[in-house]
Amino acid sequence: MNQKPTTSLIIPPELAEYYGRRIRLSVQQFPGMPIFVSQLFNELKQEETDMRVLSEQLRVDPGITVNLLRLANSARFGASREIKSVHEAVVRLGVRRTTEILLAFHVAGHFSHPLKGYDLSASELMKHSLWAALAAEKVCTEIPDAPSPEYAFTAALLHDIGKVILSDFVMEEQPAIVQLVQHEKYSFDEAEKRVLGWTHAETGSAILNHWNFPDLLIQVARYHHDPGQAPEEYRMLAGIVHVADFLAYCQGPGAGVDGFSYHFREAVLERLPLNKSVVERIAGETLEQVEAFNAALGL
């Protein structure tokens, strides 16, 4: 297992404070998640959600309507007849999947631009995050007493959202970060910490806190590269996202400049008993679902 090097700063304290102020300001100015998206996410905690009420909330948005109908009519969901209304789509997809699509639809807007600091073209981060999200909910079904799949999906979908802000800062200090990665064998997030004083994981955690999301999601974003450091009650979900993130780098798009220096934490497997055949099956099933989601979201 990789030994984590020291994360002491290699930049002057005043420069670290300068970057810190700018990053915190960027977080505060980051566009908020629409209120009704957060409300729908919270409704997943309830045992029953009125599908007709949910349909009425969604059908006023043409973009959402198009995506829901596209996915509901995809071969992945075995459409025997054409779905023509939002209500029919919600019934076919189910409340959980509908809410996940809604969240993905809004997240895609944040992930739609190139991130030069990470060498990611437009939509690559979205494709990677969607791959991880679908893999994470599948990992949950293989583990006794795992968190609910909808939390795993959401946590994995949002785990790298900090890259949207940190990319420009990484560009400013890219030579120093790459030097640590290539010549001193740091993982990319560890190099970010040493050079900028912040990682994309910490930045993402700050964004989710700014959005008033549950602490579970905030902590998983912060510790998805090192689940063993997460508070005990969040450690399992952080480990699930860590595995899903690694699978997405291995099997899916969006590796970018940091994917090749990913330090997989082998200790995670002690908490998440997954053998090779299960992981391979999860990868295959995820690929099939990702294709349907990509088509629905126009990725």
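Values in this text are rule-based calculations from the coordinates and carry no lab data. Just so we're clear, the structure is a prediction, and the values are computed from it rather than from any experiment. A quick note on method: Cβ atoms are made from the backbone with ideal geometry, for glycine too, and the neighbour counts reach across all protein chains shown.
Placing pseudo-labels 7 Å out from each Cα toward the beta carbon at LEU15 and VAL91 gives an inter-label distance of 6.2 nm.
Computed packing ranks the peptides 173-180, 134-141 as 134-141, 173-180, most packed first, by mean other Cβ atoms within 10 Å.
Residue by residue, segment 96-106 carries 3J(HN,Hα) couplings of 4, 5, 4, 5, 5, 4, 4, 5, 4, 4, 6 Hz when phi is fed to the Karplus relation 6.51 cos²θ - 1.76 cosθ + 1.60 (θ = phi - 60°); x denotes Gly or Pro. The packing ranking, built from the mean of other Cβ atoms within 10 Å per residue, places the peptides 97-105, 236-244, 119-127, 24-32 in the order 236-244, 97-105, 119-127, 24-32, highest first.
Label positions at SER121 and ASP215, each projected 7 Å from the Cα along the C-beta direction, are separated by 4.3 nm. In this rough spin-label picture, where each label sits 7 Å from Cα along the Cβ direction, the ALA295-GLU172 distance is 4.4 nm. When peptides 16-23, 66-73 are sorted by average Cβ neighbour count within 10 Å, with the highest value leading, the order is 66-73, 16-23.
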